[in-house]
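For reference, the structure discussed in these notes is given below.
The values are calculated or read from the model by the stated rules, or taken from the named source; none is laboratory data. Computed from a prediction, not measured in an experiment: that's the story for all the values here. When we count neighbours, we look across all protein chains shown, and the Cβ atoms used for this are built from the backbone with ideal geometry, even at glycine.
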């Protein structure tokens, strides 16, 4: 479990980093927190010729709010996000979710940009980004691109990020007064990859949803912004509406079987999560439909 | 005699002023380890040391047609690439059988495979280079042509006529079979009000030591001697086996065991890659280090369990259990492990099922079959979690069949506390157990009745909680019956040497070993207490075949019971010698003197007479002042092995309180209790933490740990993300109570506590889950108990 030999370079400016990525393209891998990349290197699942360590680009570590947007730099560590007062106020969903991201030692090193660029379909942050309607900001020598989160994730470990591009930040619209959020995942142990998870953001209008964004993860090759939400918006939710939404959700899911769960179990748990989410957000325990003997 | 005087005072050698026995004192090695000054094999570097990486088979079963190492040999830093055929000139193959396991058979196993690989992960070549990374680079350049053979991966069909025989010379895939028929089981079942049966499945899992297996072998051609630095539980066994297969005298091998990062039985065996490392050092005439990485730990550290067992229990309406019957099957991999064999776990299952109960009717069969997976062998609690789960789940199912409370059925059937000595239907001899006292203690610490009321109340709210109980017996302190009588040169006795130094300090050399469980502490506590010296003055040396007495080491919960008694007896002998010296110096009678707090004192009155350092000064530097003809002996050695009972048995009972979410199948552990009777308790904290650690490993097996092979014999989850170990976040609080029934076989009375936690944890969790699911009419008898299993049992998926 020793990595293949690679060349290592640690740029001190973003421009230098972008120049290196332009120069080495597919031959380079960006090293951020290293919490996914280093194991992959040590297992020799990945053997890049160049490792571009962006750890020195301290400008990318900031978390700030301006003009209705919460901007989280790519190098913000998970622990920074977890402890940020701005995140707690303007995107509390992220803080709720972050405690499920691995363990403290990993959260001390792992970064937001690294997590999103890795695009693990079972990861919490990508689902939060689609639920929060975030914009992913990427940059190359040619300039900056701003991508909707739901367009950014395109497959297992696959994103719209080009080899010469660097993910520099995410921008999240700040939560308004009527915003509510829900996060829950079914994982075998604290910090494990979820079997199924849901990050949801909603706007309430009285006892109904004015808006509901459901970001499911570990249910397909990328996080899913479930269109099933449309069955639940604009009027008081009934058990029949919820059942309809659950049925619609199941049709949207394309989960994989793995050692933890067969397809049917993932679909079942996703339905459970949807009911739990709706019941929790509306304060309607009657919708949870717990099984009893 | 001094002892006689003490007995008239009603005190044993342990029950003295300032005794450390029964007290929580800090472990002597704690500061050193906490300050990062431990010395593990991975930390060690020797001049000219090189690293070996093993190229391992990607196939579960294949012929090796050709090995091309030309490109690898040309890689930077490569010292040698050695195949199995080349290494066979240096080290001989072995066969993992023992004569007392009648009929056990296995095939010759080589340090590195020669013509054929029999499991995914078996080594096919050794690449030796100046660093591990360079050796791994070179390994990528190796080219091996394999011809894949049909792998045998399903133990249920391993004995079918159409299944290939892994070792044709053996005739079939049956490694071992044992049948036992005690009492009259057919009649008992025919006469029973109810006979309940179930099929139990126990997944394969492994030990996952924090520090992987590690060996540094140093052949010194100048003195024709091999020094092996290895994290092992049994240094003298390693010495014997390595010498035997390298064609050396035992005296030509020294085994040194420094700090070890966890063992749990994983490091009590001798692995092919370790043998290869010894041989490579001899071949290359330089130090060679092998440190298993995490992936190869999963695919080569011994696995355990992997049993399928049909069980039946008979019960009458009054709660009388009329008999047990089991038909057990286990797959052990392609070879029986060396030298302890892979039939012991199955044998233990037969020995232990029904062990706590009075019924004389018991029939058992176990069959041990070969398969193309990694080898299985002894891991913490060998056979116990299987036997305990089968027994205790059957008892609960029987209780349910007749509508009796699980506690009540146990009370009516557990062997009475005053019925000892007695024997189990399988012939296990019990000296003194305390099942009923343990249950009493358990009920009081868990408040059983209140918990049952809470459970009933919560059920009304749609919350499903369960209570599970598991009584158990645990084999400890094995005498020669375990291995010696079967021909293995694995010592069942241990020895301790104690020496009073010139400054009044005590050096103590023991043949038991330390892997974190507290061997060093318990030895110092016993020696300090018996001698009357401070623990801070006692220095304990372990893990060095050149510098300790000959002995078995630390495994099978034997360190405290056997090594501890040897420490006690050696300290007693030294104490007598010290008092003889003191009497000579003071012109007193030895029987009138005592040693308290590092000084010789008057037995009556406690007046200080001479300090130990002064006594030592006279002995070592002014012996001319001692009476003519008097020779002081300030060093004493004693050995110990139990003789009356082949094993000590401990007993206890565990309970689990948990919640099952019927919507998701997830289990939340809420609380766990253990009452254990390990005899004399030397260090309460160490005993409790041993039990907690054992429980956690048992809970790991119950809920999480599983080596998952596919039908082609590929281990599919050999990493820490997919192989789930128990983590603190999911673990419940574990409350521990004790009942103390010392063994009379030793003056110390300690019986061992290393495996009790593991023995019963899975059983009581399984019972609690089934209790929680009872309203749904669902029963699960397979571990690990995953959400998938629960949802399947509930008919959800």
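Quick look at the numbers
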quantity	calculated
Any hit, region B:4-18, residues being assigned to a helix (DSSP H, G or I), surrounded by fewer than 14 Cβ atoms within 10 Å (Cβ to Cβ) and touching a strand residue (DSSP E or B) at 6+ places or on another chain (Cβ under 9 Å)	no
Failed item in (1) without any contact (Cβ under 8 Å) to a residue 40 or more places away in the chain; (2) away from every other protein chain (no Cβ under 14 Å), with residue B:728 passing the rest	(2)
Strands (runs of 3 or more DSSP E) contained in region B:284-381 and holding at least 3 residues within 14 Å of chain A (Cβ to nearest Cβ) and in contact with a strand residue (DSSP E or B) (Cβ under 6 Å, 6 or more places away or on another chain)	B:288-291
Output for region A:247-266, where each listed residue is at the interface with another protein chain (Cβ under 10 Å from one of its Cβ atoms), without any contact (Cβ under 8 Å) to a residue 40 or more places away in the chain and in a helix (DSSP H, G or I)	A:263, A:264
Criterion (surrounded by 15 or more Cβ atoms within 10 Å (Cβ to Cβ), under 21 Å from residue A:119 (Cβ atoms) and at pLDDT 95 or above) met by exactly one of A:225, A:212	A:225
Residue satisfying all of: in region B:136-158; under 33 Å from the mean Cα position of the chain (by Cα) and in a helix (DSSP H, G or I); nearest to the other protein chains (Cβ to nearest Cβ) among these	B:136
Checking residue B:459 against (1) out of contact with any helix residue (DSSP H, G or I) (no Cβ under 7 Å at 6 or more places or on another chain); (2) surrounded by fewer than 23 Cβ atoms within 10 Å (Cβ to Cβ), the condition it does not meet	(1)
Complete set of residues in region A:108-135 that are in a helix (DSSP H, G or I) and surrounded by fewer than 21 Cβ atoms within 10 Å (Cβ to Cβ)	A:118
Evaluation of residue A:152 against (1) within 14 Å of another protein chain (Cβ to nearest Cβ); (2) under 21 Å from residue A:37 (Cα atoms) (one fails), failing number	(1)
Hey, residue B:530 in contact (Cβ under 8 Å) with a residue 60 or more places away in the chain, crowded, with 17+ Cβ neighbours inside 10 Å, in contact with a strand residue (DSSP E or B) (Cβ under 6 Å, 6 or more places away or on another chain) and away from chain A (no Cβ under 14 Å) or not	no
Output for region A:273-293, where each listed residue is part of a helix (DSSP H, G or I) and without any contact (Cβ under 8 Å) to a residue 60 or more places away in the chain	A:275, A:278, A:279, A:285, A:286, A:287
Residue in region B:431-450 that is on the phi < 0 side of the Ramachandran plot, buried (at least 20 other Cβ atoms within 10 Å of the Cβ) and within 14 Å of chain A (Cβ to nearest Cβ) present	no
Test: residue B:648 is modelled with pLDDT under 95, assigned by TED's automatic domain parsing to the domain that holds residue B:760 and within 30 Å of residue B:468 (Cβ to Cβ)	yes
Where residue A:242 falls short, out of the listed (1) more than 22 Å from residue A:291 (Cβ to Cβ); (2) more than 14 Å from chain B (Cβ to nearest Cβ); (3) surrounded by 17 or more Cβ atoms within 10 Å (Cβ to Cβ)	(1)
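Let's see how each residue does on (1) in contact with a helix residue (DSSP H, G or I) (Cβ under 6 Å, 6 or more places away or on another chain); (2) under 18 Å from residue B:518 (Cβ atoms); (3) surrounded by fewer than 23 Cβ atoms within 10 Å (Cβ to Cβ):
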| position | (1), (2), (3) |
| --- | --- |
| B:687 | no, yes, no |
| B:693 | no, yes, yes |
| B:704 | no, no, yes |
| B:709 | no, no, no |
| B:718 | yes, no, yes |
| B:730 | no, no, yes |
| B:750 | yes, yes, no |
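Matching residues to (1) over 29 Å from residue B:152 (Cβ atoms); (2) part of a helix (DSSP H, G or I); (3) within 14 Å of another protein chain (Cβ to nearest Cβ); (4) modelled with pLDDT under 95:
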| residue | (1), (2), (3), (4) |
| --- | --- |
| B:669 | yes, no, yes, no |
| B:672 | yes, no, no, no |
| B:695 | yes, yes, no, no |
| B:699 | yes, yes, yes, no |
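To keep it simple, each residue is scored yes or no on (1) more than 14 Å from chain A (Cβ to nearest Cβ); (2) more than 15 Å from residue B:663 (Cβ to Cβ); (3) outside any loop (DSSP other than H, G, I, E, B).
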site: B:754; (1), (2), (3): yes, yes, no
site: B:757; (1), (2), (3): yes, yes, yes
site: B:761; (1), (2), (3): yes, yes, yes
site: B:765; (1), (2), (3): yes, yes, yes
site: B:770; (1), (2), (3): no, yes, yes
site: B:775; (1), (2), (3): no, no, yes
site: B:785; (1), (2), (3): no, yes, no
site: B:792; (1), (2), (3): no, no, yes
site: B:797; (1), (2), (3): no, no, no
